[in-house]
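Reading through the structure tokens given below for one structure.
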Amino acid sequence: MDYQDKTLKAEDYQEPRCAVCSGDPSVPRGSVPMQRVTDKLDEYFAKRDMKGAERHLLYWLSEARMLGDTRGEMSLRSELAGLYRKLPDEEKAVESAERAIELADMPQAAGTLSAATVYVNAATAFQAFGRHDRAIPVFEKAKAIYEASEDLAGAKLGSLYNNMALALAGCGRYDEAEAYFMKAIDTMGRFENGQIEQAISWLNVADLYEAKLGAEDADGKVCECLDRAQELLDSPKIARNVHYAYAANACADTFSYYGYFAYAKELRARSEEIYDRA
């Protein structure tokens with residue numbers, strides 16, 4: 001076992017700091033170490049320990065609030081919205097998402113890439129629970145920031161297009177949704193390891209065609225989309241890491257739905273193998 005794995009961290013034994021012990025609670029007294037928080041969060045996700053992830057985030061949320069660290073709280077609320085989306089817990093996801101948006105709209109964060117990330121996470125949480133009308137304007141806020149940024153890593157923009165497409169499809173705006181899916185696929189094709197997101201977009205396009213045309217009329221188009229997705233997921237260029245494991249397991253459900261049972265089983269086996277090594 002690595003030394004650091006055995007070392008007790010502050011959050012393992014300390015209570016969150018008390019605001020009244022540090023002077024005026026309206027004045028920020030420090031900030032939470034978000035990189036450390038997210039690194040530890042990734043460890044919980046790798047072990048699929050969602051309850052541990054929740055305890056971890058709630059500890060640091062209390063710490064951020066005691067410190068008056070609004071940017072830290074914004075990021076933690078955003079992470080909690082994503083966690084509760086996965087659990088799933090609609091009430092807590094929506095509550096966290098709305099608070100994260102409120103903080104991202106504040107002058108010190110408005111218009112930043114950090115705010116855009118918060119908007120995406122919040123809108124994705126709304127979308128996951130069928131609140132597409134609420135998700136679309138929040139995605140639009142993120143899109144305005146991303147497209148105006150010269151420093152943005154394009155992978156984030158590709159993911160945004162995919163999520164916007166899902167929300168539009170959920171509202172029955174199929175032509176707009178298809179256009180955004182194609183923008184997502186094109187954008188992700190320009191970046192290393194973009195194949196996973198491209199595959200997910202192709203599977204989403206398959207669902208869109210079925211919803212738009214009906215199962216029988218969409219059959220040919222659906223098969224084409226599934227074949228494209230399979231080719232991408234089988235690419236030797238893809239890193240078989242925890243991100244791949246999570247995506248492969250999710251993609252398996254779509255392949256199974258369309259009758260690709262053997263391939264769905266293979267994807268789940270790949271996912272389990274990766275998690276077992278983590």
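The values are calculated or read from the model by the stated rules, or taken from the named source; none is laboratory data. Since this is a predicted model, take the numbers as computed values, not measurements. For neighbour counting, all protein chains shown are included, and Cβ atoms are generated from backbone atoms with ideal geometry for every residue, glycine included.
On the given criteria, is residue 270 surrounded by 14 or more Cβ atoms within 10 Å (Cβ to Cβ) and either among the polar types (S, T, N, Q) or more than 25 Å from residue 168 (Cα to Cα) (or both)? Answer is yes for this residue. Restricted to segment 29-101, the set of helices (runs of 4 or more DSSP H) holding at least 2 residues that are at positive phi and either small (Gly, Ala, Ser) or surrounded by 22 or more Cβ atoms within 10 Å (Cβ to Cβ) (or both) is empty.
Go through segment 238-266 and report how many residues are crowded, with 17+ Cβ neighbours inside 10 Å and either among the β-branched types (Val, Ile, Thr) or in contact with a Ser or Thr (Cβ under 9 Å, 6 or more places away or on another chain) (or both). Within segment 238-266, residues that are crowded, with 17+ Cβ neighbours inside 10 Å and either among the β-branched types (Val, Ile, Thr) or in contact with a Ser or Thr (Cβ under 9 Å, 6 or more places away or on another chain) (or both) number 13.
Just one of (1) in contact (Cβ under 8 Å) with a residue 40 or more places away in the chain; (2) surrounded by fewer than 15 Cβ atoms within 10 Å (Cβ to Cβ); (3) closer than 19 Å to residue 162 by Cα fails for residue 235. It is (3). Set side by side, the residues 275, 244 differ, and just one is within 27 Å of residue 186 (Cβ to Cβ) and part of a helix (DSSP H, G or I), which is 244. Scanning segment 100-125 for residues that are touching a Leu at 6+ places or on another chain (Cβ under 9 Å) and of a type in the set (Asp, Glu) yields no hits at all. I want to confirm something. Restricting to segment 225-264 and keeping residues that are out of contact with any helix residue (DSSP H, G or I) (no Cβ under 7 Å at 6 or more places or on another chain) and farther than 20 Å from residue 275 by Cβ, which single residue is modelled with the lowest pLDDT? Filtering first and then ranking leaves 236. Consider segment 161-206 and keep the residues that are among the hydroxyl-bearing types (Ser, Thr, Tyr) and surrounded by fewer than 23 Cβ atoms within 10 Å (Cβ to Cβ). The one that is farthest from residue 256 (Cα to Cα) is 187.
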